[in-house]
Structures are given as structure tokens and as C-alpha cells.
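Any read-out appearing in this document is the output of simple, stated calculations on the displayed coordinates, not a laboratory observation. Computed from a predicted structure; not experimentally measured. Methodologically, a virtual Cβ is constructed for each residue, glycine included, from the backbone with ideal geometry; neighbour enumeration extends over all protein chains shown.
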Amino acid sequence: MRESPTRPIAPSPLLSGVQQFSISSFWFATNLLWGALLIVVIPSQMKRLAPKHPAETTGLLLGIAALSAVVIPLVVGPLSDRCMSKWGRRRPYMAAGVGINLLGLALVWAAGNYLNLALYFVGYFIIQIGNNIATGAYSGVIPDIVPEGQKGEASGWMAAMSQLGTVLGVVSSGLLMNARQPTAAFAVMAVSLTLFLGITLVGVRERPRISPPEPITVLDFLKRLWISPRKHPDFAWVWITRALVVMGLWTVQEFMQFYLTDVVGVPESRKEISAAMVLTIALICATVTGLLGGKLSDRVGRKKVVYVANGAVALTCIAFLLHHSLAYTAVVAGFFGLAYGAYYSVDWALACDVLPSKEDAAKDMAVWHISMTLPQTIILPISGLLLGSFGRTVTHTPTGIVTHYAFAGFAAIFTLAAIFLLLGALLLRNVRGVR
């Protein structure tokens, strides 16, 4: 039997609700950060920082910076496994990562205030680096310290805190940016990261390593990351189909604020709060089906849920183009959320069903996670350019330049999103080992 790298202790007692809350608190903070930045703050500020090409610049910024989300977790996860710090294996990386994240937030805040686009790119890239260092290590906390019989409960806490963080990030930033209080919006993100990191650091009782890790070369490390599609075709097809679904979602998600002003006709002064309202409706509806979809898939099979859910999400992408009132858009967003929540609830279980090795589950899940991050790098710049290629109207107003994109551009990206989503469902038929 392999010797445990951490200090031997008595069997873990069951965790209380307070402890579960502490362990998952940082998921709340990091999802609040991304909900605020990606849905509200960045699209809003790009209209001032790059007024003639806001969508293209948004896509380029998010796409380039997402490269760090592809690479860093693959490196930090194994490094934290091997960490010999007396503070534990995960906590040093989490604290350092949040420190870097806060520096990036300060730079992005300053860049937004002084309209410095180059500094904005630098600051956002630093945010991505810091947050991925923190979460790359943090992802190992639940497997490390949660007793086997409470893993499901811990996953529920993680999902609930993540969803709640996203909703509050969207709502708080929407209200504050709409009130022209960007400093307050950034303060909420910074305070949330600091406060909830502190709760998690105090609540997580890590066991430091007692034996040094075995030496490993860079080449050996890279070899361990490779999962052969020939040997594990089901894993490969699940990876591909998930990447297609994520590609579809990111094709349109970051441009909803532009859609609301340019197609629906929401005034520029109300764009942030309107985007927050629409996305909050979608997230609430996704929570409802997210709680039900996993149990349903246990009964009828994972693939059937994915077929129906992806087909429904694809239909809502087309439905957005059929009518252009805010009320109609909110209703379609609700249906979008219901369908997406059902898919998301099965997504994790489907991956677990096809893992190549239960012993290397953490490494395999890190490879699977690339199917969520890599598509952002690919599709976001393409979507921004595609949206702009169908024409725009540039208007000079007393408050500055305002750019509106043509309806044909939105029709193109919503249609492309529907195609990706349908392919994600159809190609799942190639998975043989899961019903």
C-alpha cells in the first residue's frame, strides 16, 4: 500500500454545516468576480475604452487572457500536490493567487478610470493568472478533507455557493455600473475575494505533507497529461462534445449587453442593469433544472438529457432573433437557463462516467477542464470579428462615441452558437460506454 503523503490522523469526523460553508466560501467569491467582470463590467467599459470596436476588443481581450486558464491549473494543481509548506498544500497557493488577483483588479480599475486600453489588457491578464493559481490549488480541497460520505453534500455546497456568487456578482455590478459607480463595483469584488478567502483559509484544516514528493522531469509531467483518444475514445468524445457546447455558449454570452442596446433598443444608460436582469433570470432558471437534471439522468441516462437540453438551448439561440422587446428577451433567457441548467447538471457526472483512471481522477479532470477554457480562447476573438464584419453605425454624442452593430451580425453569431450546440449533442452518440 502506498504511504500517504500527508500526516496520518484519525478518521475524519463528519463536517458541520459551518465547516461546509467555510470550505466552499471561496467558490462564492471567485464566481462573484467572474459574474461581475464578464457579464457586466468588461462589456460596459469596452464601450468607453474602445468605442469604435467594443465587441471586437472584448472578444480579443477575453480570448487572449483565457490562455492562462488553459495552462495554469494543469501546472498549479500538481505543484500544490507536491507542496511541503507547513500551512498545507493548497492554502499557500490560494493566498498568493488572490494577492496577484487583487493587483490585477487594481490595474483594471485604474485603466478604466484613465481610459488606458493597454493597461486594461495587462491588468485583466494578471487577474486571470492570479485567480487560476488560487483556484487551481483550491480545486483539491474537497477531495483532500471532505469525508467520503459527505462528498455529495460538499459538491452541493460548491454548486450553491458558485451559483449564488455569480448571481450576486451580476446584480451588484449591474446596479453599481448603472449608477456610474465603477469604483464601488471593483471594491465589492476585492472585498469579496479577501473576506471569503479568509473564511476558507480559516475553515480548511489541511494536513501538511510529511514526505517529500518523488522527483519528476518536465517531460515526464507532460507525458502524464496525455490521454490517448484511441485507448479512451469515450473520454475523447465527451471532451469534444463539451468543448462544442462551451464554444456555443461563449459565442454569444459576452455580447448580450451589445445585443440589448443594438437590437432590443435598451438605452445606453440602462445597458448594465438590463444585462444583469436578463442574466439573473437565466441563472435562477438554470438553478432549478440544475437541481433536477442530475437525478433525472440517473434514471433515463445522461445522453438523453444532453440531447434534449442542448437542442433546447440551440432553439433559444434562434428564438432571441425572432422578436426584439426586453420582456420577450427576458422570457427567452429564462428558457435558455432552464435548458442550460439541465445540461450543466449532467456535465460533471458524464465526465466522471468516462474517466480513464479512477486513481488519476484529479489529473484526468484537469485535462477535461481544458474543454471549458480552450474554446474561450478560440471563439471569443472570432465572434467579436464576426459580429463587426456585418457592419456598424458609429454615432457621435455629447458623452462620446457610441457604436451599434447590425442585426445581421447578431444573427450570424446566434446561428453559429446554435450549430455548435447541436453538434455537441449529435456527436455524443459516439460515446458507447454511457447510456
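Given charges of +1 on the Cβ of Lys and Arg and -1 on the Cβ of Asp and Glu, with all other atoms neutral, how large is the dipole of the chain about its Cα centre, in debye to the nearest 20?
Charge dipole of the chain: 480 debye, to the nearest 20.
Counting other C-beta atoms within 10 Å, and keeping those with at most 15, which DSSP coil chymotrypsin sites (Phe, Trp or Tyr not before Pro) do you find in region 40-148?
Details: sites: Trp87, Tyr93, Trp109, Tyr114, Tyr120, Phe121, Tyr124, Phe125, Tyr138; in loops: Trp87.
Of the chymotrypsin sites (Phe, Trp or Tyr not before Pro), the ones in loops of region 40-148 whose Cβ has at most 15 other Cβ atoms within 10 Å are Trp87.
How far, in degrees from 0 to 90, does helix 233-253 lean away from the longest principal axis of the Cα atoms of the chain, to the nearest 10?
30 degrees
Note the count of lysine pairs whose C-alpha atoms are less than 20 angstrom apart in the chain, limited to pairs 8 or more residues apart or on different chains.
12
First measure r as the distance between the Cβ atoms of Thr395 and Arg207, then evaluate 1/(1 + (r/R0)^6) with R0 = 41 Å and state the FRET efficiency to the nearest 0.05. Could you put the intermediate results ahead of the total?
Values: r = 61 Å, r/R0 = 1.48.
That gives a FRET efficiency of 0.10.
I need Trp27, Trp34 ordered by Cβ neighbour count within 10 Å, fewest first.
Ranked by crowding around the Cβ, least crowded first: Trp34, Trp27.
Where in the chain is the longest stretch that carries no GluC sites (Glu not before Pro) classed as loop by DSSP and with at most 12 other Cβ atoms within 10 Å?
Answer - 4-358.
Given points 7 Å out from each Cα along the Cα-Cβ axis, report the Glu214 to Val71 separation in nanometres with one decimal.
2.8 nm
What is the spread of the Cα atoms of region 227-435 along each of their three principal axes, largest first, in whole Å?
62, 31, 26
Using the Cβ atoms and a cut-off under 9 Å, what net charge is assigned to the surroundings of Glu206, where Lys and Arg are +1 and Asp and Glu are -1?
+4
Hey, what number do you get for the chain at 222 nm if only DSSP H runs of n ≥ 4 count, each worth -39500 (n - 2.57), divided across all residues, to the nearest 500?
Here the helix-only value at 222 nm equals -24500 deg cm²/dmol.
For the chain, modelled as a Gaussian network with Cα springs under 10 Å, which listed residue fluctuates most, Ser389, Ser371, Ser24?
Looking only at Ser389, Ser371, Ser24, the biggest GNM fluctuation is shown by Ser389.
In degrees, nearest 10, range 0 to 90: what is the angle between the Cα axis of helix 407-426 and the longest Cα principal axis of the chain?
It works out to around 30 degrees.
Dividing the convex hull volume of the alpha carbon atoms of region 16-209 by its residue count, what do you get in Å³ per residue?
It comes to 105 Å³ per residue, whole-number rounded.
For the chain, with the dipole built from +1 on Lys and Arg beta-carbon atoms and -1 on Asp and Glu ones, taken about the Cα centre, which of Gly169, Val122, Ile100 lies farthest toward the positive end?
Ile100
Could you give each residue of region 393-399 its phi-based ³J(HN,Hα) in whole Hz, using Karplus coefficients 6.51, -1.76, 1.60 with θ = phi - 60°, and x for Gly or Pro?
In residue order, the calculated couplings are 10, 9, 10, 9, 10, x, 9 Hz.
Going by alpha carbons, how many degrees (0 to 90, nearest 10) lie between the helix axis of 17-34 and the longest principal axis of the chain?
For helix 17-34, the angle is close to 40 degrees.
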